[in-house]
Amino acid sequence: MTEGITLTLIAVVVLALCFDFINGFHDTANSIATSVSTRVLTPRQAILMAAVLNFTGALVSEKVAKTISKGLVYGSLEQYVIIAALISAIIWDLLTWYIGIPSSSSHALIGGLIGAAIAYTGTFGKIMWDGVLNKVVIPLITSPIAGFLVGYIAMSLLFELLRPLTQKVVNKYFSKLQIFSAALMAFSHGNNDAQKSMGIITLALISSGFLRNDAGIPLWVKIACALAMAFGTSIGGWKIIKTMGVNMIRLQPIGGFAAETAAAAVIETATQIGAPVSTTHVISSAIMGVGASKMFSAVKWALARNIVWAWVFTIPSTALMGAIFTLLFKLF
């Protein structure tokens with residue numbers, strides 16, 4: 001159906017893949033920061049593993065992609081509205097990456113889409129508020145809490161179970177186990193995060209008439225987004241890796257294992273119900289939970305507070321940018 005292909009549709013696809021690439025290097029820290037900081041893996045090994053498993057995870061499911069493409073706005077949108085949403089998310093990602101604050105690429109994209117859609121119609125009626133509440137707002141609040149609690153409980157249990165063993169023995173075994181937990185985290189990141197761009201491209205294809213509304217996610221879209229994220233992951237976001245793996249709390253391999261396993265469990269649960277959660281929020285809060293289980297003061301709460309503020313402002317900021325870009329595009 002080549003008659004549905006336009007320059008603006010091509011622009012959407014290119015921008016979505018750019019967003020996916022930026023998401024990859026922006027969120028690389030989600031899966032490898034703890035492994036690098038505990039010296040279980042070298043940066044090169046960690047990034048290679050994360051890239052492969054991000055790619056693999058991106059091909060497994062499409063529930064989150066369907067939430068983005070069909071569960072947030074009613075009907076179709078002009079391509080420039082989707083472009084406005086993507087530009088807003090890309091700007092926010094680059095800004096937070098530059099200052100080294102881990103923020104949510106997922107919520108940046110969703111915020112940009114909501115703001116752009118409202119500006120496009122001039123009303124709030126274009127937004128599926130039930131979908132936003134159930135699939136975005138509630139998971140936005142509950143997933144970091146779940147990450148903190150699961151990380152806290154997992155670390156507390158490990159402390160009790162392994163109390164008779166020496167630190168040397170614990171480090172020996174958990175240095176190996178943390179490779180598994182980092183791999184699981186990388187897979188879950190690809191399985192949830194890469195689907196956001198798949199959903200945006202599918203929304204653009206439906207809006208252009210290139211796809212039927214009841215169509216699934218095309219295979220070429222899955223592969224393109226998986227490759228873009230894997231390539232971005234291979235570049236690595238070192239500023240955020242330092243923030244999460246070193247500056248927030250000093251972790252031992254057992255702590256890295258607990259944080260990554262807890263975060264991966266929460267993210268995979270969200271993926272199964274089609275909720276586009278923030279892997280950044282979940283792993284950050286899991287790291288905080290692990291640190292707090294040992295000693296509340298072990299976590300640098302001033303840094304954690306800055307991260308939380310970035311979470312709070314992500315959707316409103318990108319929604320405002322999305323609205324502004326949409327109104328500017330309307331002028332032309």
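What follows draws every value from the coordinates through simple rules; no lab data is involved. Note that the structure is a prediction, hence the values are computed from the model and not measured. Positions of Cβ are backbone-derived with ideal geometry, glycine not excepted, and every protein chain shown enters the neighbour counts.
Around I267, with a cut-off of 11 angstrom between Cβ atoms, what is the net charge of the other residues, counting Lys and Arg +1 and Asp and Glu -1?
Within the 11 Å Cβ shell, the charges total -3.
Pop out the ³J(HN,Hα) list for the range 197-207 in order, Karplus 6.51 cos²θ - 1.76 cosθ + 1.60 with θ = phi - 60°, rounded to Hz; leave Gly and Pro as x.
Karplus-based 3J(HN,Hα) across the range 197-207 equals 5, 4, x, 5, 5, 5, 4, 5, 5, 5, 4 Hz.
How much length, in nm to one decimal, is gained on full extension between L331 and K172, taken as 0.36 nm per residue of separation minus their Cα-Cα distance?
Working it through step by step, the gained length comes to 51.0 nm.
May I ask you to compute the full-extension gain from I145 to Y74, defined as 0.36 nm times their residue separation minus their alpha-carbon distance, rounded to one decimal in nm?
22.5 nm
How many angstrom separate the Cα center of the range 157-183 from the Cα center of the range 63-127?
Cα centroid to Cα centroid, the span is 41 Å.
What distance in nm separates the simple spin-label points at F124 and M295, each placed 7 Å from Cα in the Cβ direction?
4.8
Distance cut-off 23 Å, Cα to Cα: go down the list K135/K330; K126/K222; K176/K196; K66/K135; K172/K294; K70/K222 and report the pairs above it.
Checking Cα-Cα distances, K135/K330; K126/K222; K176/K196 exceed 23 Å.
Name the most mobile residue of F180, F231, F21, meaning the one with the largest mean-square fluctuation, in a Gaussian network model of the chain with Cα contacts below 10 Å.
Taking springs between Cα atoms under 10 Å, the residue moving most is F180.
Using square roots of five times the C-alpha gyration tensor eigenvalues, list the equivalent-ellipsoid semi-axes of the range 2-331 in whole Å, biggest first.
Working from the Cα gyration tensor, I get semi-axes of 36, 19, 16 Å.
Search the structure for amide H atoms under 5 Å from the amide H of V73, placed 1.01 Å from N in the peptide plane, and list their residues when 5 or more places away or on another chain.
M128
Rank the residues F313, F329 as a footprinting-exposure proxy: fewest other Cβ atoms within 10 Å of their Cβ go first.
F313, F329
From zero up to wherever the largest Cα-Cα distance of the range 160-230 sits, split into 10 Å bins and tell me the percent of pairs in each.
Once binned at 10 Å, the Cα pair distances of the range 160-230 give 17, 30, 19, 14, 12, 7, 1.
Counting only trypsin sites (Lys or Arg not before Pro) that sit in a DSSP loop (anything but H, G, I, E, B) with at most 16 other Cβ atoms within 10 Å, what is the longest stretch of the chain containing none of them?
With a cap of 16 other Cβ atoms within 10 Å, the longest stretch comes to 40-211.
From the square roots a ≥ b ≥ c of the eigenvalues of the alpha-carbon gyration tensor of the range 52-131, which class results: rounded (a/c under 1.5), prolate (a/b over b/c), or oblate?
Verdict is oblate for the range 52-131.
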